[in-house]
1. May I ask you to sort 281, 68 by Cβ crowding, counting other Cβ atoms within 10 Å and putting the fewest first?
2. May I ask you to list the residues of region 189-213 whose amide nitrogen lies under 19 Å from a point 7 Å from Cα along the Cα→beta-carbon direction of residue 269?
3. Based on the alpha carbons, how large is the Rg to Rh ratio for region 148-301 when Rh follows Kirkwood?
4. Go ahead and estimate [θ] at 222 nm for the chain from helices alone: -39,500 (n - 2.57) per DSSP H run with n ≥ 4, summed, over the residue count, rounded to 500.
5. What's the long-distance tail for region 3-146, i.e. % of Cα pairs beyond 23 Å?
6. Among 248, 104, which comes first, then next, by fewest other beta-carbon atoms within 10 Å?
7. Could you compute the FRET efficiency for residue 284 and residue 107, with r as their C-beta to C-beta distance and R0 at 45 Å, rounded to 0.05?
8. For 115, 273, which order do you get if you count the other beta carbons within 10 Å of each Cβ and list the fewest first?
Amino acid sequence: MDASFLLSLRESPAWKILKSEIINDPDYRKFSRKLGSYDLVDVLVDDNGKPLFLKKNKKDIESALIFTRPDLGARIEGSWTATDLLNKQIDLGAREAIPLKTMMLGQLVNMLKNHEGLTSIKVNPVSILITGEKEPFLFCEDVLFAPQLDSFTQKLLLTDPEDARALMGINPEDQLRFGIEMVFYMLTTRDLPEEKEERELVLKNRIEELTFIAPRTPIPQGSGSFLAVLLNLENEIEERAFIRDYPMFDDHSDVIFVTSKLKLYSGALEEIHFNGQKIDTIFKPLISWQASRQRERALLRR
């Protein structure tokens with residue numbers, strides 16, 4: 001638990017704060033298992049049964065809270081120390097019950113798509129008071145992300161909707177017709193500094209952000225399921241720095257990359273050939289490529 005970082009996080013982006021709140025102490029035994037979009041979780045809800053967003057410290061990030069066991073909800077009450085946590089001194093049976101609602105994780109992510117901005121979900125949070133603070137932070141066993149539905153383009157985004165106009169060419173009805181599921185991460189030259197060292201630092205941070213977010217974003221299973229990273233930096237070397245085989249949250253999803261030259265790549269820098277004249281000749285090669293990749297994975301598991 002990186003308490004030192006939390007004390008100096010005034011201007012830090014949300015994902016860095018959330019990353020620092022993941023409990024990674026080797027002496028801590030996690031209660032969570034590997035989750036998938038179709039697993040059931042217990043969600044903290046309000047009086048109307050809607051997911052509740054919570055933070056206890058003003059420096060923290062307001063998040064939805066889920067639990068892999070309902071009794072773990074007791075850990076967000078009061079304030080505990082890291083020593084209490086590691087020595088298993090939190091009595092799960094001695095706290096008042098909190099309002100929880102059982103639902104499929106993918107359904108929760110879908111419910112949160114209309115929440116403004118990128119929405120974080122903390123898995124098995126616990127209220128920890130760190131030295132130097134009056135209010136506790138909600139540490140957790142992991143963090144997940146629910147993409148935002150952009151009302152203008154009707155696309156699911158992990159980045160600022162200001163960059164989403166390039167997606168207007170993808171008709172939501174065509175996406176529905178194919179049954180393809182896509183979440184978009186946009187990277188453009190907007191807000192990038194011109195000075196070389198500053199620009200390199202910003203791009204390095206964006207790579208770290210994508211590395212953290214990609215494997216923590218549930219994507220529903222469709223005829224194809226993709227995290228599509230659109231790279232419009234107008235610099236091939238900078239764009240290639242982002243292309244890598246990021247692990248994904250769901251086994252049925254893959255990350256793909258579209259460059260400023262409108263070339264489509266897998267994370268292994270394999271070019272996926274397509275005809276861009278119409279959406280059918282873009283979606284079909286994508287779906288075929290993923291189906292082939294899934295067959296290869298199945299053979300390796302045997």
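Read-outs: derived from the displayed coordinates by stated rules, not from any lab. These numbers come from a predicted model, not from an experiment. Quick reminder, even Gly has a Cβ in these numbers, built from the backbone with ideal geometry, and neighbours come from all protein chains shown.
1. Fewest-to-most Cβ neighbours within 10 Å comes out as 281, 68.
2. Counting backbone N atoms under 19 Å from the label point, the list is 204, 207-208, 211.
3. Here Rg/Rh amounts to 0.95.
4. Using -39500 (n - 2.57) per qualifying helix, the result is -7000 deg cm²/dmol.
5. When every Cα pair of region 3-146 is considered, 31 percent fall beyond 23 Å.
6. If I rank by nearby Cβ atoms, fewest first, I get 104, 248.
7. It comes to 0.95.
8. Arranged by neighbour count, lowest to highest, 115, 273 become 273, 115.
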